[in-house]
Amino acid sequence: MDKLLVRGGNTLQGTVHISGSKNASLPILAATLLTGETCIIRRVPDVSDTNYMIQILTALGAEVERSSGTVRITAGTISHDAPYDIVRKMRASICIMGPLVARLHKASVSLPGGCVIGDRPVDLHLKGLEALGANIDMEGGNMHIVAENGLHGDECDLRGKHGPTVLGTDNMMMAAVLAKGKTVIESAACEPEVVDLANFLNQMGAKITGAGTRRIEIEGVEKLHGVDYTVIPDRIEAGTFMCAAAMAGCPEKGVTLNRVCQEDLKPSTEKLIEAGHRVEFNEQGTSCTVTPGAAPKGVNIVTAPFPGFPTDMQAQFTSLLAVTDGISVVEDTIFPQRFMHCAEMSRMGADIKVDNGTAVIQGGKKLSAAPVMASDLRASAALVLSGLCAEGTTEIHRLYHIDRGYENIDDKLVMLGADIERVKE
Ligand SMILES: CC(=O)N[C@H]1[C@@H](OP(=O)(O)OP(=O)(O)OC[C@H]2O[C@@H](n3ccc(=O)[nH]c3=O)[C@H](O)[C@@H]2O)O[C@H](CO)[C@@H](O)[C@@H]1O
Ligand SMILES: C=C(OP(=O)(O)O)C(=O)O
C-alpha cells in the first residue's frame, strides 16, 4: 500500500490540466451495455473507479480496450448477473442495473456494501425501476430484477428525504431509453453529470428532453447505436485545485486550471470569491486562474443538490476554511455524517467542532504536520490540501481512497511546485 508524504510550505504556480469527470464517466461506461455496437468514450480519467467499472463490463462479457483516456467498448453478448465479488468494491457499480434490465429484461446485481460517508440506500433506484414495470426480489444480499415483457414508460417522482438522487436518476434514464412509451422523471437530479449521461444517450439515439431540470421526459426507442463521445471536465477535481490555489498559490501569479467548465464550477467559484480570493475565467469559460486573496475571511456553506454547493467539495472547503481567519460554519445536508476528515485535521492543529451534520470552524490556525488516515475520497483530498499548508511532513495513509477519483494528483501538484512524494508503506 502507498502513502503520501506532503512537505508543506511550498508556493504553487503554473498550469494544471483537469481530467475528464469520474462521476460522468461511470454511468456513461455503464450505458455502453445498452447496445451491442462499439462505443468509444474519450477523456475517461485513469483512476481506480473507472478501471473498476471496466472490469465489471468485462466480467459481464463486454470487450473493452483502454488506451490512456480512450476506452473502446463492445457489449456484444452480455450476462445479466453481477455478483457480489464484482460489485462490492464500488458503490457506483449499481448503475449497471438500469442498462441491464433495459436490454436483457432482467438483472441480478448484488446490493452495494456500506459507505463511510453515511447511509446510502437504493430505495429510490428500485422505486424508479418498479415504476417502469420491473419486479424486484431480494435474496441473500442480491437484487433480482425482472421485467418479463420488457419495461414500459410511466411517471415516477424520485425525491428522497435528502433531495433528488444522482445515480438513481441515471439508472431510471438508462432503463427508460429502451422502454415502450413515454417516461417522466419528476424531482430528477440536475447535476452536470446527469446532463452528460443524457447527452451521451441521445447521441446513441435515445430521445431524452429536460435533463438538467427537475423534470426529465424520455420517449422509448427500439434500439440504440454506438457513438464516439468525450466526457465533461471533472468539476470536483477542478474545485479541489481551486482550493489548493487559494491555500498555497503564488499571491502574484496564482494557479491556472485548463479544461474546465465555468458554469459547472459556479458554486465553488462563488464561495472562493466570497472568501476573498480571485477567480478569473477566460472568455470561453474553459480555463481559470485562482489567486489567493490578501485578507481571506471565513464563509458559511450549506451543501445542496446542483446548482447548490456540492457535498463532494465540502471536505476540501473545510480544509481551506480551517486556515482562513474567522469563524466558518459548514453544513452537509446530503451526507450529514461526511466529516471524518475533521478529526484528522484536528490532529494537525485545526479547530473544528462537528455536531449533527455541521462543522464549526475557528479558522486561521497554523497547521503542523502529523500522520493522518484518509477515510474516503474527498476526505483524502482535504488532507492533502491541509498538508500543503502545514509545517513539516504530513504522512497520509490509505491512499487507495484518493486513487479512486483523482488522476495523478501527486504528479499534478508536484508540477505546480508542491513537495509531495508517494512511497510504499
Ligand atoms: C458516482 C457518483 O456520481 N457519485 C455521486 C452521487 O452519488 P449517489 O448518486 O449515490 O448519491 P445520491 O444523489 O443518490 O444521494 C443523495 C442523497 O439521497 C439519498 N438516497 C439516495 C438513493 C436512494 O435510493 N435513496 C436515498 O435516500 C442518499 O443517502 C443521499 O443522502 O451523488 C452524490 C451526491 O451529489 C455525490 O456525493 C457522489 O459523488
Ligand atoms: C462520494 C463520491 O463517490 P461515490 O459516490 O462513488 O462514493 C465522490 O466522488 O466524492
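The values are calculated or read from the model by the stated rules, or taken from the named source; none is laboratory data. Bear in mind the structure is a predicted one, so any value in this text is a computation, not a measurement. Quick reminder, even Gly has a Cβ in these numbers, built from the backbone with ideal geometry, and neighbours come from all protein chains shown.
Quick rundown of the values:
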{"read-out": "Pick from the range 185-215, criterion β-branched (Val, Ile, Thr) and in contact with a Gly (Cβ under 8 Å, 6 or more places away or on another chain), ranking: nearest to residue 133 (Cα to Cα)", "value": "185"}
{"read-out": "Residues that are within 15 Å of residue 193 (Cβ to Cβ) and either at pLDDT below 95 or part of a helix (DSSP H, G or I) (or both), drawn from the range 27-48", "value": "27, 28, 29, 30, 31"}
{"read-out": "Criterion violated by residue 248 - all others in (1) aliphatic (A, V, I, L, M); (2) surrounded by fewer than 23 Cβ atoms within 10 Å (Cβ to Cβ); (3) in contact with a Cys (Cβ under 8 Å, 6 or more places away or on another chain) satisfied", "value": "(2)"}
{"read-out": "Pairs, first closer than 16 Å to residue 152 by Cα and assigned by TED's automatic domain parsing to the domain that holds residue 92 in the range 119-133, second within 16 Å of ligand 2 (Cβ to nearest atom) and among the basic types (Lys, Arg), C-beta under 7 Å, six or more apart", "value": "none"}
{"read-out": "In the range 347-402, the residues that are among the polar types (S, T, N, Q) and either closer than 30 Å to residue 22 by Cα or not assigned by TED's automatic domain parsing to the domain that holds residue 320 (or both)", "value": "356, 358, 375, 380, 386, 393, 394"}
{"read-out": "Scan of the range 69-107 for residues that are small (Gly, Ala, Ser) and surrounded by fewer than 17 Cβ atoms within 10 Å (Cβ to Cβ), ordered by number", "value": "76, 79"}
{"read-out": "Residue check, residue 53 at pLDDT below 95 and either within 25 Å of residue 84 (Cα to Cα) or within 16 Å of ligand 1 (Cβ to nearest atom) (or both)", "value": "no"}
{"read-out": "Strands (runs of 3 or more DSSP E) contained in the range 296-403 and holding at least 2 residues surrounded by fewer than 21 Cβ atoms within 10 Å (Cβ to Cβ), without any contact (Cβ under 8 Å) to a residue 40 or more places away in the chain and of a type outside the set (Val, Ile, Thr)", "value": "351-355, 371-373"}
{"read-out": "Selected residue (only one of 170, 157, 137 is closer than 17 Å to residue 305 by Cβ, away from ligand 2 (no atom under 16 Å from the Cβ) and either modelled with pLDDT of 95 or more or surrounded by 15 or more Cβ atoms within 10 Å (Cβ to Cβ) (or both))", "value": "157"}
{"read-out": "So residue 51, is it within 14 Å of ligand 2 (Cβ to nearest atom), surrounded by fewer than 18 Cβ atoms within 10 Å (Cβ to Cβ) and assigned to a helix (DSSP H, G or I)", "value": "yes"}
{"read-out": "Count of residues meeting criterion [touching a residue at least 40 places away in the same chain (Cβ under 8 Å) and within 16 Å of ligand 1 (Cβ to nearest atom)] in the range 73-90", "value": "1"}
{"read-out": "Number of positions in the range 233-260 that are part of a loop (DSSP other than H, G, I, E, B) and touching a Gly at 6+ places or on another chain (Cβ under 7 Å)", "value": "1"}
